[in-house]
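The values are calculated or read from the model by the stated rules, or taken from the named source; none is laboratory data. All of these numbers come straight from a predicted model, not from anything done at the bench. All Cβ positions, even for glycine, are placed from backbone atoms using ideal geometry, and neighbour counts span all protein chains on display. Only protein heavy atoms, including side chains, enter the accessible area calculation; ligands, DNA and RNA are left aside. Shrake-Rupley method; radii C 1.70, N 1.55, O 1.52, S 1.80 Å.
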Amino acid sequence: MSAGADGGIVDGRRCRSCAEVSAFPWPACPACGGAVEPASFGPFGKVWSATVVRIPVPGRTPPYRLAYVDLDDGPRVLAHVQADGAAERVVAASIGSRVRLLPDTDEGDLLVEVVES
Amino acid sequence: MKVAVHGVGTSHFGRQPERDLVSLAWAAVREAFADADVTAVDAVWVGTVFGPAGVAQRVLRAMGITGIPVITVENACASGTTAFAEAHEAVRTGRYGRVLALGLEQMSTAFAGAITPEATDPEGRSGLALPALYAMAAARYLHDGAVTPAQLAAVSVKNHAHALHNPRAQYSGSFTVEAVLGSRMIADPLTLLQCCPTSDGAAAAVLGPARPGAVGVRSVVLRSGAPWNHRSPHVWGHDVVRDTAADAYAAAGIEPADLDVAEVHDAFTIGEIVTTEALGLVGPGEGGKAAESGRTALGGEQPVNPSGGLLSRGHPLGATGLAQLAEIVWQLRGDAGRRQVDGARLGLVETMGGGVSVLDGNACVIAVLEAP
Ligand SMILES: [Zn+2]
């Protein structure tokens, strides 16, 4: 799963049978096993839920913000949320906020910014 | 063939890095064999997640269980109950006469802190440790007004208080809602006392044909999750539990209201809330209220996690499901001591394991058991 160096777009698949969308280049639909075709999603979406990870995780420096984002007409993806200030004041992105995909993080993860809370 | 649980046993649960898996498993198997009054079985199913290749045979040989079929299964947190489900099926169909289901896990020597999902999935790669995955569900529940912070904490208060009466539990305590909410934040909104500890342990059950005095198995259902996304209005892990439960109730011929006691997957407080709703023990949005009001506490209408649950007993992944089973067996035999649910006749075990990206859980196992 990647929005690439330019950001904004996630390449995935859409099912020809049930219209299930996926952010992965998998050979069949994860919902029904049907045939899939390439599809692109983004750059906008809405936060389904969000948290701040405050414990050490290998290779990460807490705190950091993560959100499940429902891309418009697209899949639910996990993304980092751009930091919004000093570490001690980090709060989770608001559920329902509009977000936009940015270029991937240095670690290759999806990254979004809040455009409208 | 109708199947019964002839005997159960567990090790102590807790951080026990000084013990090895043989010592943990021996405690569980020795107790289960003595409880079942047997010295041998025809086959073994072992549930474990992080053990190295061959861990089952390596442990079993040390207790003289060799030369019979040994099958290892992995279904994340539901590995122990998956071993139970398969052992049950083997007895039910007459494939084997008497089968041992064994769950084991040593977490303290494998993880410094929280578990992160497999790094080839976005959740693992992005640093969504397991507490954060459940935190996403808790945050959504709070946003929807389906739970309050105090209700989340009430699950922790209740289960840690239950564990005061469980000498096998990792830890227990008379915590207040304020203490739970004031403990260190792990992943917003889940605080430390709302997360299960890192545990080592083993649990076992001997299954065989129905017989007088033994707890009977009314049904066992195993299901893996379908994709979870915007097509479901529910949080992660809800629908797989709901669907597994529907099958388990139908196979057992019962309604959720018929259950006297349940052991459910409360790795995090929100887990018990979502699960009690998905199981139909309470209505949608009522899981938090049920914990707060005492409905799901010992002495309440339908006690949930009288053992203390994963939150207090501890959560050695592969062992958890069979520890839940042991608790329900003791409850249905009237052997649960000071945490006994008076007159319990019908009990439920539910475990849900997850971590595979996109899916609504790797597996859910639900068993309905009845008193002898
Ligand atoms: Zn499809």
Within segment A:34-57, track down each residue that is more than 7 Å from chain B (Cβ to nearest Cβ) and open to solvent by 50 Å² or more (accessible area, probe 1.4 Å).
A:35, A:37, A:38, A:40, A:44, A:46
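Could you list all residues from segment A:104-117 that are out of contact with any Asp or Glu (no Cβ under 7 Å at 6 or more places or on another chain) and either hydrophobic (A, V, I, L, M, F, W, C) or facing chain B (nearest Cβ under 9 Å) (or both)?
A:105, A:107, A:108, A:109, A:112, A:114, A:115
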Show the residue pairs that are 6+ apart or on different chains and have beta-carbon atoms under 6 Å apart, the first residue being within segment B:119-132 and at the interface with chain A (Cβ under 7 Å from one of its Cβ atoms), the second being among the hydroxyl-bearing types (Ser, Thr, Tyr).
B:122/B:357; B:123/B:357; B:129/B:116; B:132/A:51
Give me a count of the residues in segment A:65-103 that are modelled with pLDDT under 95 and facing chain B (nearest Cβ under 7 Å).
1
For residue B:172, indicate whether it is open to solvent by 30 Å² or more (accessible area, probe 1.4 Å) and in contact with a Leu (Cβ under 6 Å, 6 or more places away or on another chain).
yes
State all residues of segment B:260-278 that are closer than 12 Å to residue B:351 by Cβ and either assigned to a loop (DSSP other than H, G, I, E, B) or hydrophobic (A, V, I, L, M, F, W, C) (or both); if no residue qualifies, say none.
B:262, B:264, B:265, B:266, B:267
Per-region count, segment B:269-314, residues hydrophobic (A, V, I, L, M, F, W, C) and closer than 18 Å to residue B:239 by Cβ
7
In this structure, does residue B:140 turn out to be surrounded by fewer than 24 Cβ atoms within 10 Å (Cβ to Cβ), at pLDDT 95 or above and within 14 Å of chain A (Cβ to nearest Cβ)?
yes
Has segment B:53-65 got at least one residue that is outside any strand (DSSP E or B), within 24 Å of residue B:221 (Cβ to Cβ) and polar (S, T, N, Q)?
no
